[in-house]
Amino acid sequence: MPLKHAQETRLVFLLGFAIALAGITCAVLPPLPSGIVPWVVAMIVAVLYPMLLSGMLRRNRADNTFRRLHWFPAGMLLLWFVLQGGAMFFPDLAIFAAWYAWGWTLPLVVLGFFLLLVFCLQVIRQRVVRILLLALLFVPFATGALVTEQQGIDLPARVTAFVNAHRGDVLALLPQWGSGSVSSAPSDLIAGNAVSSSISEDTNLDPSDDPQEERWRASLRALKERMDRVMMERWNNTGADSSVSSTEGTGSLIAVEPTPPAPEPEPTITDTVTDPTHLPASGMELGFLVVTLIGSYSAAVHGRAKKRFLA
């Protein structure tokens, strides 16, 4: 049974949304190698999307061009990975990776919507509805991308700040462990990890006019004050224990002066260590992941070609 026009219209709108989402994802992803895990998750979702629809599109005898367009978001993520991987080995390619992610990956998103528009113009029924739906997606996307680039908004930094702000709110709501003391081990661990990961020496904690920014800074200020109280409490307890000791049998207190640290010897030529020739590797290497992706894609293409030949 051929694909119904209303169902095809919904799929066109869904594909346009997937292309726009893939463009934002490419702009938000951190550069390799720190962004390998988010990229793998996004790539799995982008590959599962056309694979889950391939059976329905094949049964309803959808147009081959429309079926291939569903792989466009995965192609955007794959091209981002190739550019980032090349920039790791050839720093001169970093400029191309930056251009690629410019404006929420606007050039590739424009290409994807253009191909969708060409496909919609080839179909007579519901042509106007599909063009209006695509415009409803593309106009806000392009406006947000251009405004972001014009105002110099760092989208990855904003996403990181949003995550840190919500994580700070959750940590601020945690109850104090122990009996009225803020120097217990769980609170120290939670506050120390939050402050060390969210606050650096260059972090600006001054009040801001932006409500979202002020909310994030307020949570960071609360965490910093909490950590200062914890460190002060521990410092007082440590100072009292190190300055006074009780003698056995007499019960008298004897003041003990802390011993100054021994001066470190000056380094000599024989003590210097040269830099290692290479850093140790941990987990799967980049080349192994690339070979695995290429092999999986080749196997999928071979399987589809085999089924088509046997049919």
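The values are calculated or read from the model by the stated rules, or taken from the named source; none is laboratory data. The structure displayed is predicted, hence computed values, not measured ones. Neighbour counts run over all protein chains shown; Cβ positions are idealised from the backbone, glycine included.
Would a scan of the stretch 36-58 turn up a residue that is in contact with a Cys (Cβ under 8 Å, 6 or more places away or on another chain), modelled with pLDDT of 85 or more and either under 23 Å from Gly144 (Cα atoms) or of a type in the set (Asp, Glu) (or both)? Spell out how you get there, then give the answer.
The initial filter retains those residues of the stretch 36-58 that are in contact with a Cys (Cβ under 8 Å, 6 or more places away or on another chain), namely none.
Within the stretch 36-58 (the criterion being in contact with a Cys (Cβ under 8 Å, 6 or more places away or on another chain), modelled with pLDDT of 85 or more and either under 23 Å from Gly144 (Cα atoms) or of a type in the set (Asp, Glu) (or both)), the answer is no, since none of the residues qualifies.
Taking Gln84 and the conditions (1) farther than 19 Å from Val291 by Cβ; (2) polar (S, T, N, Q); (3) surrounded by 15 or more Cβ atoms within 10 Å (Cβ to Cβ), which numbered condition does it fall short on, given that it satisfies the others?
(1)
For Arg59, are the conditions met, namely being in contact (Cβ under 8 Å) with a residue 24 or more places away in the chain and assigned by TED's automatic domain parsing to the domain that holds Gly16?
Details: in contact (Cβ under 8 Å) with a residue 24 or more places away in the chain: yes; assigned by TED's automatic domain parsing to the domain that holds Gly16: yes.
Yes, satisfied.
How many residues does the stretch 97-119 contain that are at pLDDT 90 or above and at negative phi?
Counting residues in the stretch 97-119 that are at pLDDT 90 or above and at negative phi gives 14.
Among the residues that make up the stretch 153-175, is at least one of them in a helix (DSSP H, G or I) and modelled with pLDDT of 75 or more? Before the answer, list the steps.
Narrowing the stretch 153-175 to residues in a helix (DSSP H, G or I): 155-172.
Then keep just the ones that are modelled with pLDDT of 75 or more; that gives none.
Among the residues of the stretch 153-175, not one is in a helix (DSSP H, G or I) and modelled with pLDDT of 75 or more, which makes the answer no.
Failed condition for Ala62, given (1) among the aliphatic types (A, V, I, L, M); (2) in a helix (DSSP H, G or I); (3) surrounded by 13 or more Cβ atoms within 10 Å (Cβ to Cβ), with all others met?
Condition (2) is where Ala62 drops out.
How many residues, within the stretch 116-142, are loosely packed, with under 15 Cβ neighbours inside 10 Å and not charged (D, E, K, R)?
10
I need a count of the residues in the stretch 29-42 that are surrounded by fewer than 19 Cβ atoms within 10 Å (Cβ to Cβ), among the hydrophobic types (A, V, I, L, M, F, W, C) and either touching a helix residue (DSSP H, G or I) at 6+ places or on another chain (Cβ under 6 Å) or not in a helix (DSSP H, G or I) (or both).
1
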